[in-house]
Amino acid sequence: MPPAPVLETHGLTVRFGGHVAVDAVTCAFAPGELVAIVGPNGAGKTTYFNLISGQIPASAGTVMLAGRDITRASASSRTRAGLGRAFQLTNLFPNLTVRENVRLACQARLGRGFRLFSLASDDRELTAEAEAILARVRLASLAGQTVAALSHGDQRKLEVAILIALDPLVYMFDEPTAGMSADEAPVVLDLIAELKADAGRAILLVEHKMDVIGKLADRIIVLHNGALAADGEPAEVIASDVVQEAYLGRDLTEPAPEPAPEPTPESTGETPHV
């Protein structure tokens with residue numbers, strides 16, 4: 001018997017005026033699986049993420065986390081309930097150190113909130129936990145640096161560290177390698193692959209790079225014009241018409257073009273050899 005979903009959306013919808021940005025999306029995410037969410041620009045991927053994590057309110061439908069209806073819960077309440085979200089643009093405390101950023105996340109998980117004054121306290125246990133997490137994400141040598149001094153790639157690694165510190169039921173990554181160099185991106189992808197090894201957690205990943213998706217994903221869902229257009233195993237979905245159209249530019253309403261005829265001397269104006 002398959003495990004019960006850790007996260008579900010039922011008929012999840014949001015309208016902005018007359019525009020339906022996410023259109024009645026029903027989907028379930030099981031612990032232990034990594035689900036990639038793909039689609040062309042404007043398909044509703046990030047908006048769907050925002051609905052799940054509480055950045056924007058739903059016009060209709062529900063969000064369920066571990067069997068609990070969190071549709072009307074605030075974003076901070078959803079974080080405390082077990083949703084961990086990383087953003088396309090980093091969402092960190094730039095003037096604090098790398099270690100302090102992770103310590104704050106550890107404090108929040110323990111119900112102590114993001115209380116800056118507690119950073120001065122001699123809490124060796126929190127410090128040790130933060131440093132262990134930083135070692136895990138290859139940032140131990142930068143623990144004392146301010147976040148503002150980090151490269152973009154190291155800031156993305158720090159976001160993963162903060163998510164680990166929050167110990168969520170669901171990890172949500174919105175284009176985690178956006179803006180990263182070819183050298184930096186594999187490190188973050190390796191970290192996500194390590195998180196996937198924890199069978200008790202689900203991972204949602206918005207990503208445009210199909211090679212990344214093919215390596216990491218257990219399942220792919222496709223959004224198109226805000227609606228769920230496909231949901232299945234990676235090889236099947238990548239080969240589907242909707243993905244071919246979205247990513248390769250094929251217009252599936254038109255017949256496939258006829259192959260070009262072989263050139264002949266008459267068509268090129270050359271004199272045939274005899």
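Throughout, read-outs are computed from the coordinates displayed, never taken from laboratory work. As the structure is a prediction and not an experimental result, all values here were calculated from the model. Cβ placement follows ideal geometry from the backbone for every residue including glycine, while neighbour counts extend to all protein chains displayed.
Structure above, values below:
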{"item": "Packing-based order for 220-226, 7-13, using average beta carbon neighbours within 10 Å, highest first", "result": "220-226, 7-13"}
{"item": "Interchain or long-range residues, amide H under 5 Å from E33's placed H", "result": "I203"}
{"item": "Stretchable slack from D190 to D211, in nm (0.36 nm times residue separation minus alpha-carbon distance)", "result": "6.2 nm"}
{"item": "Amide H within-cut-off set for V6, under 5 Å, with H built and near neighbours excluded", "result": "F29, A30"}
{"item": "Nonlocal amide H pairs with M172, under 5 Å, H built at 1.01 Å", "result": "G84, R85, A86, L204"}
{"item": "Segment A140-L110, extension gain: residue separation times 0.36 nm, minus the distance between their alpha carbons", "result": "8.6 nm"}
{"item": "Highest to lowest packing among 144-153, 34-43, scored as the average C-beta count within 10 Å", "result": "34-43, 144-153"}
